[in-house]
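Some notes on the structure that comes next.
The values are calculated or read from the model by the stated rules, or taken from the named source; none is laboratory data. These numbers were taken from a predicted model, which means no experiment stands behind them. Glycine gets a Cβ as well: all are built from the backbone with ideal geometry, and neighbour counts include every protein chain shown. For the accessible areas, the whole protein counts, side chains as well, though only heavy atoms, and no ligand, DNA or RNA atoms are used. Shrake-Rupley method; radii C 1.70, N 1.55, O 1.52, S 1.80 Å.
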Amino acid sequence: MALAPIQFDRTSGALEGANLWERTAALALVTGSKISSHFSHRGYNGCANLLRKTLPERNIAIKLNADAIFEFPYGDGYWSKLLNRSYHYEDELELLFRDSADVDYTLIDCGANYGYWSVLVSSAPYGSHKAIAIEPSSQNFSKLANNARVNGDRFELMKSAIGSARGTAHLTGTKHEAFSIAGGTNSGGEEVPVIALDNLVDDGKVSRDGKFLIKLDVEGVEIEAIKGGTQLLQGDSVILCEEHGNDPDHTVSRYILEQTPLKLLVHDPRSNRLETVTELSILDRIKVSTHVGYNVFGTASAFWQNRISALNANAARRMQ
């Protein structure tokens with residue numbers, strides 16, 4: 001019988017249900033996160049995953065807010081940074097999601113992994129939005145389904161990869177946060193179905209006249225995913241897309257800027273604003289670490305552009 005999850009409350013810092021060694025490990029994980037944060041958490045994942053091998057196999061349930069629980073295997077290198085209460089995961093996305101709590105939109109969470117953003121966006125403090133969590137990996141999908149269950153099955157699940165058209169592909173990779181179908185004719189990995197974003201309209205999952213925030217964390221097939229979303233992206237949608245720190249050519253941003261009608265924006269930590277990108281050189285300054293991802297935003301929607309302008313105005317007032 002599986003051990004009950006350890007409980008951790010990010011607001012209070014309370015850790016419950018852990019034995020002495022697990023408490024010691026928590027202290028090490030938090031300390032490691034704080035120290036490695038000074039160099040973009042380089043090396044943290046590997047060290048945490050080594051520590052995990054010394055721990056019993058059990059989950060930790062992180063209380064993200066009063067209406068959001070996020071579970072993952074205790075000691076997981078990618079997610080254990082959440083034990084550090086000063087750590088913010090993808091804070092540029094959090095900025096937009098928090099500001100959009102009052103908007104009637106649907107989150108399309110592509111490459112959902114264990115469902116962090118679907119859990120948060122469907123929670124009351126973020127507006128209790130509809131979310132569709134799309135994840136191709138069977139290994140990840142079981143953990144995603146568990147997070148849907150512990151949050152009352154309030155968001156929809158789809159087991160699929162995202163591409164330019166329907167089909168099948170093969171996953172490659174060894175890290176759960178980096179499975180990819182890029183070059184996916186390799187029969188060595190798990191075979192998975194592929195859908196295009198516009199198939200969600202075709203299949204009646206969403207209405208093309210709705211409002212959408214579309215998170216594309218699809219590990220190397222961002223451009224293919226954008227090509228498959230022409231209908232959705234013509235409407236009131238924003239794509240939230242990873243720009244890899246190790247790509248000096250800014251391939252994804254270049255494609256959005258030069259090959260689509262979308263307005264390109266990026267979060268500038270200096271101003272805490274979503275700045276319009278007209279020259280890719282701004283990314284040379286923002287992408288300071290080669291081993292992490294940076295999110296860029298693309299939209300053709302006047303509604304969302306007005307919302308982002310208001311968000312920027314609020315940020316400017318906060319800094320005065």
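I'm told Val103 meets every condition in (1) farther than 26 Å from Trp304 by Cα; (2) surrounded by fewer than 19 Cβ atoms within 10 Å (Cβ to Cβ); (3) among the β-branched types (Val, Ile, Thr) except one. Can you identify the failing condition by its number? Of everything listed in (1) farther than 26 Å from Trp304 by Cα; (2) surrounded by fewer than 19 Cβ atoms within 10 Å (Cβ to Cβ); (3) among the β-branched types (Val, Ile, Thr), Val103 misses just condition (1).
Quick check: anything in the range 235-243 touching a residue at least 60 places away in the same chain (Cβ under 8 Å), open to solvent by 10 Å² or more (accessible area, probe 1.4 Å), under 20 Å from Leu96 (Cα atoms) and not in a strand (DSSP E or B)? Outline the logic, then answer.
From the range 235-243, those touching a residue at least 60 places away in the same chain (Cβ under 8 Å) are 235-240; that's our starting set.
Checking which are open to solvent by 10 Å² or more (accessible area, probe 1.4 Å) leaves us with 235-236.
Narrowing the set further to residues that are under 20 Å from Leu96 (Cα atoms) leaves 235-236.
Cutting the leftovers down to not in a strand (DSSP E or B) gives us 235.
Checking the range 235-243: at least one residue is touching a residue at least 60 places away in the same chain (Cβ under 8 Å), open to solvent by 10 Å² or more (accessible area, probe 1.4 Å), under 20 Å from Leu96 (Cα atoms) and not in a strand (DSSP E or B).
Among the residues of the range 244-264, just one is assigned to a loop (DSSP other than H, G, I, E, B), at pLDDT below 95 and buried (at least 20 other Cβ atoms within 10 Å of the Cβ), namely His250. Within the range 202-228, residues that are over 22 Å from Asn140 (Cβ atoms) sit with their Cβ atoms under 6 Å from residues that are among the charged types (D, E, K, R) and surrounded by 15 or more Cβ atoms within 10 Å (Cβ to Cβ), at 6+ positions apart or across chains, in these pairs: Lys211/Asp236.
Any residue at all in the range 108-126 that is more than 21 Å from Gly293 (Cβ to Cβ) and touching a Phe, Trp or Tyr at 6+ places or on another chain (Cβ under 6 Å)? Yes, because at least one residue in the range 108-126 is more than 21 Å from Gly293 (Cβ to Cβ) and touching a Phe, Trp or Tyr at 6+ places or on another chain (Cβ under 6 Å).
Look at (1) open to solvent by 30 Å² or more (accessible area, probe 1.4 Å); (2) farther than 26 Å from Arg154 by Cα; (3) not polar (S, T, N, Q) and you find that Gly77 fails only one, number (1). Scanning the range 277-293 turns up at least one residue that is without any contact (Cβ under 8 Å) to a residue 40 or more places away in the chain, outside any helix (DSSP H, G or I) and not hydrophobic (A, V, I, L, M, F, W, C). Residues in the range 135-149 that are in contact with a helix residue (DSSP H, G or I) (Cβ under 9 Å, 6 or more places away or on another chain) and open to solvent by less than 50 Å² (accessible area, probe 1.4 Å): Glu135, Ser137, Asn140, Leu144, Asn147, Ala148.
Looking only at the range 11-37, residues that are surrounded by fewer than 18 Cβ atoms within 10 Å (Cβ to Cβ), under 18 Å from Leu64 (Cα atoms) and in contact with a helix residue (DSSP H, G or I) (Cβ under 8 Å, 6 or more places away or on another chain) come to 1 in all.
Flag not set for Arg307, criterion: of a type in the set (Lys, Arg) and farther than 20 Å from Ser100 by Cβ. Between residues in the range 21-32 that are touching a residue at least 24 places away in the same chain (Cβ under 8 Å) and closer than 13 Å to Arg58 by Cβ and residues that are crowded, with 16+ Cβ neighbours inside 10 Å and charged (D, E, K, R), which pairs lie under 9 Å by C-beta distance while being six or more apart or on different chains? Filtered contacts from the range 21-32: Glu22/Arg58; Ala25/Arg52.
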